[in-house]
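The values are calculated or read from the model by the stated rules, or taken from the named source; none is laboratory data. Small disclaimer: the values here were computed from a predicted structure and weren't measured. Virtual Cβ from ideal backbone geometry, glycine too; neighbours counted across all protein chains shown.
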Amino acid sequence: MNAQDVLLKLGVPLVIMFLSGWIIIRTWVSRSGIDSSGFSPAASSALFAPVLLVMYFLLLQSVMQEGIAAHAELVILYGAIFAPTFLLLLPFAIISLVRVRRRRAPLGNGLLCSAFAAWPIFQVVWMCLLFGEWE
């Protein structure tokens, strides 16, 4: 694998998912009846992008698997490896959208950015613990 290969396989899908999430969330929030003052579609999209990227790679790998046992093993493997992604980013993203939908004050952008900044740290620590790098 060279740098261009990594960029095409990891960087481009992440950017596409972030931008598409940003457009979808911004369009949804700009509808009538939704008060979006103080809400940042970019921050919410940044929280959803890694989750969508993991799901994208799960779907790509599941195409190559045969049998229900291989699919279940792949789902369990991805769920175990990327647990911080699903348990940290997804709740913050969903809560931010629900609060805007229910016309409450949105979660602060500082809180959303802090969750997004803490995510790679938790992900690396989790993977080191999971694979036995720290004993």
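Can you find, within segment 1-34, the residue that is modelled with the lowest pLDDT among those that are more than 26 Å from VAL98 (Cα to Cα) and assigned to a loop (DSSP other than H, G, I, E, B)? Within segment 1-34, the match that is modelled with the lowest pLDDT is MET1.
Sub-6 Å Cβ pairs linking a first residue in segment 47-60 that is without any contact (Cβ under 8 Å) to a residue 60 or more places away in the chain to a second residue that is buried (at least 16 other Cβ atoms within 10 Å of the Cβ) and not in a helix (DSSP H, G or I), at least 6 apart or interchain, are VAL54/PHE82, ordered by first then second residue.
Here the condition is being within 30 Å of LEU130 (Cβ to Cβ) and without any contact (Cβ under 8 Å) to a residue 24 or more places away in the chain; of ALA80, ALA69, it holds for ALA69 alone.
Of the listed requirements (1) among the hydroxyl-bearing types (Ser, Thr, Tyr); (2) in contact (Cβ under 8 Å) with a residue 24 or more places away in the chain; (3) closer than 26 Å to PHE131 by Cβ, SER44 misses just one: (3). A Cβ distance below 7 Å, combined with a sequence gap of six or more or placement on separate chains, defines the contacts here; from segment 86-98, residues that are touching a residue at least 40 places away in the same chain (Cβ under 8 Å) reach residues that are polar (S, T, N, Q) and assigned to a helix (DSSP H, G or I) in the pairs ALA93/SER44; SER96/SER44; LEU97/SER44. All conditions but one from (1) closer than 24 Å to LEU111 by Cβ; (2) touching a helix residue (DSSP H, G or I) at 6+ places or on another chain (Cβ under 8 Å); (3) of a type outside the set (A, V, I, L, M) apply to THR27; the one that does not is (2). Listed by first and then second residue, the pairs linking a residue in segment 111-132 that is in contact (Cβ under 8 Å) with a residue 40 or more places away in the chain and under 13 Å from ALA80 (Cα atoms) to a residue that is in a loop (DSSP other than H, G, I, E, B) and of a type in the set (Asp, Glu), with Cβ atoms under 9 Å apart and 6 or more places separating them unless they lie on different chains, are MET127/GLU133. Return yes or no: is PRO120 surrounded by 16 or more Cβ atoms within 10 Å (Cβ to Cβ), closer than 26 Å to GLY11 by Cα and not hydrophobic (A, V, I, L, M, F, W, C)? Taking the combined requirement at face value, the residue does not satisfy it. Which residues, counting only those in segment 66-93, are in a helix (DSSP H, G or I) and surrounded by 15 or more Cβ atoms within 10 Å (Cβ to Cβ)? Selection gives LEU74, TYR78, ILE81, ALA83, PRO84, THR85, PHE86, LEU88, LEU89, PHE92, ALA93. Of the residues making up segment 1-45, those that are in contact with a Leu (Cβ under 9 Å, 6 or more places away or on another chain) and either buried (at least 16 other Cβ atoms within 10 Å of the Cβ) or under 19 Å from LEU59 (Cβ atoms) (or both) number 14.
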